[in-house]
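Student: I'd like to ask you about the structure that follows.
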Amino acid sequence: MIHQANGIRLGYTDRGAGLPLVFLHAFPLNRTMWTDQEALSSRFRIITVDLRGHGESDAPAWRYSLEQYAADVRQLLGLLGVSRAVFVGLSMGGYLEFALYRNCPDLIRGLVFADTRAEADGPEQVKWRFDLAQRTAAVGPSAVIDDMLPKLLSPGAYQRRPDLVERVKSIQAAAPVHGIVGDLMAMAERPDSTALLGSIAVPTLVIVGQEDVLTPPADAERIAHGIPGARLVTIPDAGHLSNMEQPDQFNRALAEFAAGLPAASR
Ligand code: MLT
């Protein structure tokens, strides 16, 4: 489905009824990374969004920021009649949750931070993003595939799950150059959210793949320890894209969390 929001077209899927769970994808993927989570639509309202620059959304050339993504999500949810939701963000989607918390805390009933971190980029990471943006502008998404595909899944998945490796690669290959460069710009400029953790006052779940090398379990532990009352679930035999690699375990943790939210916050 497509909606016009903030002057561009945004792609989304909206299935099921009940408590809305809004899924925010990783870099530089799109909402199809959440296909296995749509099974939860038998119990919850599942909304997956293509951020600008990705999937079926428009990919303008200029200018991307996590605040802009937050404004897009907010406007889309308004059009869908959703006034509060549980947000599930993986990696870049988690960075976006911090922007949502800063800009529109009223929208948030609960937060699920998956395979992400609260810290801003250091100088080396900013430099890597700039280099990757230049290479992507020159050769297209293959620059991202070469750099990132070998780091997104657990080592065993590259041996045993060629189907999954191919699925991730084909999502990356479909990413528009403007979207990839825009994400890199947005992530490089994002503020540090560490100081925000102690103030987060909504129910929070943190999920991490035990073999995540991009945002390792130590990053998840810092988020979980920083947010009062947050719960941490570590998923074995999963790398960075834990929801795609171990969907049953991911969905179980998510469903238990959402079903257990206090009635007042559901
Ligand atoms: C992601 O999966 O969204 C990226 O690894 C995030 C990042 O590059 O910091």
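Student: So if I check each of Gly94, Gly89, which one is of a type in the set (Gly, Ala, Ser), assigned to a strand (DSSP E or B) and within 16 Å of the ligand (Cβ to nearest atom)?
Tutor: Checking each option against the conditions leaves just Gly89.
Student: Looking at Val213 and the list (1) out of contact with any Lys or Arg (no Cβ under 6 Å at 6 or more places or on another chain); (2) surrounded by 14 or more Cβ atoms within 10 Å (Cβ to Cβ), which single condition is not satisfied?
Tutor: It is condition (1) that Val213 fails.
Student: Let me ask another. Across region 192-225, what is the total count of residues that are more than 16 Å from the ligand (Cβ to nearest atom), under 21 Å from Lys151 (Cα atoms) and not in a helix (DSSP H, G or I)?
Tutor: Of the residues in region 192-225, 1 are more than 16 Å from the ligand (Cβ to nearest atom), under 21 Å from Lys151 (Cα atoms) and not in a helix (DSSP H, G or I).
Student: Follow-up. Against the condition at positive phi, within 15 Å of the chain's Cα centre (by Cα) and touching a residue at least 24 places away in the same chain (Cβ under 8 Å), how does Gly89 come out, does it pass?
Tutor: no
Student: Which one is surrounded by the most Cβ atoms within 10 Å (Cβ to Cβ), of the residues in region 183-195 that are more than 19 Å from Met33 (Cα to Cα) and not hydrophobic (A, V, I, L, M, F, W, C)?
Tutor: Ser193
Student: Still on this structure: Within region 38-53, can you find the residues that are away from the ligand (no atom under 16 Å from the Cβ) and touching a helix residue (DSSP H, G or I) at 6+ places or on another chain (Cβ under 7 Å)?
Tutor: Listed by number, the residues that qualify are Ala39, Leu40, Arg43, Phe44, Ile46.
Student: State all residues of region 110-153 that are under 29 Å from Pro236 (Cβ atoms), more than 13 Å from the ligand (Cβ to nearest atom), of a type outside the set (A, V, I, L, M) and touching a Ser or Thr at 6+ places or on another chain (Cβ under 9 Å); if no residue qualifies, say none.
Tutor: Listed by number, the list holds a single entry, Gly110.
Student: Would you check if Pro228 is surrounded by fewer than 23 Cβ atoms within 10 Å (Cβ to Cβ), within 16 Å of the ligand (Cβ to nearest atom) and without any contact (Cβ under 8 Å) to a residue 40 or more places away in the chain?
Tutor: So Pro228 fails the test.
Quick note: the coordinates plus some simple rules give every number you see, no bench work behind them. Keep in mind the model is a prediction, meaning the values are calculated, not measured. Neighbour counts run over all protein chains shown; Cβ positions are idealised from the backbone, glycine included.
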